[in-house]
Amino acid sequence: TLGGGIGWLMGKYGLTCDNLLSVDSVTADGEVRKASATENEDLFWGVRGGGGNFGVVTRFEYQLHHLGPVLGGMVIHPFSKAREVLRFHREFTSHVPDELTVAAGILTGPDGDPVVANPICYCGPLDEGEKLIEPLRKFGPPLADLIGPRPYLEVQKTFDAALPPKHQNYWKSGFTQALSDEAIEALIEYAAKRPSPASFIVVDHLHGVAARVPAAATAFPHRREQYSVLILGIWPDSADSEKNIAWARSFWGALQPSMAGSAYVNFLGQEGEERVRAAYGSNYERLVRLKNKYDPTNFFRMNQNIQPSKFAVASD
């Protein structure tokens, strides 16, 4: 929530932070402050995307939405069809309604071979959804079609099995306005030479309500239709860290000509101040002013840190 909250329902209901009504936050002076649209409004703006920079949030109040069964699951294609699938994904997502979120992923299948998948969530009337996703189900045709009605909580577990415990992780991510042919070629090239079969790639489609909120309305600034590309380097043995980290960094470098230079704060690692600024874009200076007000000594600094003005000057 504090970093934004990209999710399966973002097209219809916005980001998680767009559904936040209020928080209780312990700020650096030890005070408990309630923040909402009518109370400490500046702090409420900042916690909707600004991370843990302004205090410890001890209570969240959300706007909930009634949601019955959704269409969820995925279609799976052989890796040999990756180029065709990713180009189709680009075309298909260019005209989806708010109710449908479609991702693309390159990961290892149950038999150990790499596959390309399109996980989905459709939160509208199921009969309309079945018609809408028919082209997605017919394209290929896929190796497997696992899409069907299911509870939303089951859709939330889509990637659980791909994130095993007690593994090493090194991630790189960013936004691109268009999934270019060059980006697709880089995705395929580096997916083919993953040093660990546990590593995978996810391309999320930011669209609908999440993309129509004004950029300055919340601290999360990335309010336009675009794709989030996430490289998840995952491997079991720390002795293999060097080669897996090198793979992710080289992969990330190859993608740069296609990327927008922006970042999603929830996916950032220890990447430095420049990348923190990239996560906040045009909202960064306003966040600094908020930091000056609520945490002028930078007490809350073990995070993707927004430095107060005097600390930023001292470090120059």
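With a cut-off of at least 2 residues that are of a type in the set (D, E, K, R), name the helices (runs of 4 or more DSSP H) lying wholly within segment 116-180.
Here the list reads 126-132, 134-138.
Name the residues in segment 189-213 that are under 18 Å from ARG249 (Cβ atoms) and surrounded by fewer than 17 Cβ atoms within 10 Å (Cβ to Cβ), would you?
Hits for segment 189-213 are GLU189, ALA192, LYS193, PRO195.
Every residue in segment 238-265 that is among the polar types (S, T, N, Q) and within 17 Å of LEU187 (Cα to Cα), please.
Within segment 238-265, ASN244, SER250, GLN256, SER258 qualify.
Looking at the structure I just gave you, is SER250 over 19 Å from SER80 (Cα atoms) and part of a strand (DSSP E or B)?
no
Within segment 116-159, restricting attention to residues that are in contact with a Gly (Cβ under 8 Å, 6 or more places away or on another chain) and β-branched (Val, Ile, Thr), which residue is most open to solvent (accessible area, probe 1.4 Å)?
Going through the qualifying residues, I end up with THR158.
Search segment 186-214 for residues that are under 20 Å from PHE159 (Cα atoms) and free of Cβ contacts under 8 Å to residues at least 24 places away in the same chain and pair each with any residue that is of a type outside the set (Val, Ile, Thr) and open to solvent by 20 Å² or more (accessible area, probe 1.4 Å) when their beta-carbon atoms are under 9 Å apart and the residues are at least 6 apart or on different chains.
none
For segment 144-166, which positions are aromatic (Phe, Trp, Tyr) and without any contact (Cβ under 8 Å) to a residue 12 or more places away in the chain?
none
I'd like the residue in segment 37-81 that is outside any strand (DSSP E or B) and of a type in the set (Lys, Arg) and, out of all such residues, is least open to solvent (accessible area, probe 1.4 Å).
In this case the residue turns out to be ARG48.
Can you confirm whether LEU86 is more than 20 Å from the chain's Cα centre (by Cα) and not in a strand (DSSP E or B)?
The answer is no for LEU86.
Conditions: (1) under 30 Å from ASP24 (Cα atoms); (2) surrounded by fewer than 22 Cβ atoms within 10 Å (Cβ to Cβ); (3) not basic (Lys, Arg). THR218 meets all but one. Number of the miss?
Result: THR218 fails condition (2) only.
Starting from segment 217-244, keep only residues that are under 23 Å from SER199 (Cα atoms), then list their pairs with residues that are assigned to a strand (DSSP E or B) and among the basic types (Lys, Arg) whose Cβ atoms are within a distance under 6 Å, requiring at least 6 positions of separation or different chains.
Listed pairs, sorted by first residue: ILE231/LYS172.
Tally time: how many residues in segment 51-72 are of a type outside the set (A, V, I, L, M, F, W, C), farther than 30 Å from ARG137 by Cα and in contact with a Ser or Thr (Cβ under 9 Å, 6 or more places away or on another chain)?
Here the count works out to 5.
Yes or no: segment 277-289 includes at least one residue that is loosely packed, with under 15 Cβ neighbours inside 10 Å, hydrophobic (A, V, I, L, M, F, W, C) and out of contact with any Phe, Trp or Tyr (no Cβ under 9 Å at 6 or more places or on another chain).
No; the residues of segment 277-289 include none that is loosely packed, with under 15 Cβ neighbours inside 10 Å, hydrophobic (A, V, I, L, M, F, W, C) and out of contact with any Phe, Trp or Tyr (no Cβ under 9 Å at 6 or more places or on another chain).
May I ask you to list pairs of residues, at least six apart or on different chains, whose Cβ atoms are under 7 Å apart, with the first in segment 98-123 being on the phi < 0 side of the Ramachandran plot and touching a residue at least 40 places away in the same chain (Cβ under 8 Å) and the second being in a loop (DSSP other than H, G, I, E, B) and of a type in the set (Phe, Trp, Tyr)?
From residues that are on the phi < 0 side of the Ramachandran plot and touching a residue at least 40 places away in the same chain (Cβ under 8 Å), the pairs are THR101/TRP8; CYS121/TRP8.
Only one of these is under 19 Å from ILE6 (Cα atoms) and of a type in the set (Gly, Ala, Ser): ALA103, ALA161. Name it.
Among ALA103, ALA161, only ALA103 is under 19 Å from ILE6 (Cα atoms) and of a type in the set (Gly, Ala, Ser).
Out of the residues in segment 96-115 that are outside any strand (DSSP E or B) and at pLDDT 95 or above, state the one that is surrounded by the fewest Cβ atoms within 10 Å (Cβ to Cβ).
The selected residue is PRO97.
Results for (1) at pLDDT 95 or above; (2) outside any helix (DSSP H, G or I); (3) under 17 Å from GLY52 (Cβ atoms), shown as yes or no for each residue.
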residue	(1), (2), (3)
ASN266	yes, no, yes
GLN270	no, yes, yes
VAL276	yes, no, yes
GLU285	yes, no, no
ARG289	yes, no, no
PHE300	yes, yes, yes
ASN303	yes, yes, yes
ILE306	yes, yes, yes
ALA314	no, no, no
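Going through segment 15-30 one residue at a time, which ones are under 20 Å from LEU287 (Cβ atoms), assigned to a loop (DSSP other than H, G, I, E, B) and open to solvent by 10 Å² or more (accessible area, probe 1.4 Å)?
Across segment 15-30, the qualifying residues are ALA28, ASP29.
The values are calculated or read from the model by the stated rules, or taken from the named source; none is laboratory data. What you see is a predicted model, and the numbers here were worked out from it, not measured in a lab. Note that each Cβ is placed from the backbone with ideal geometry, even for glycine, and that neighbours are counted across all protein chains shown. Just so you know, the surface numbers come from the protein's heavy atoms only, side chains and all, with ligands and any DNA or RNA stripped out. Shrake-Rupley method; radii C 1.70, N 1.55, O 1.52, S 1.80 Å.
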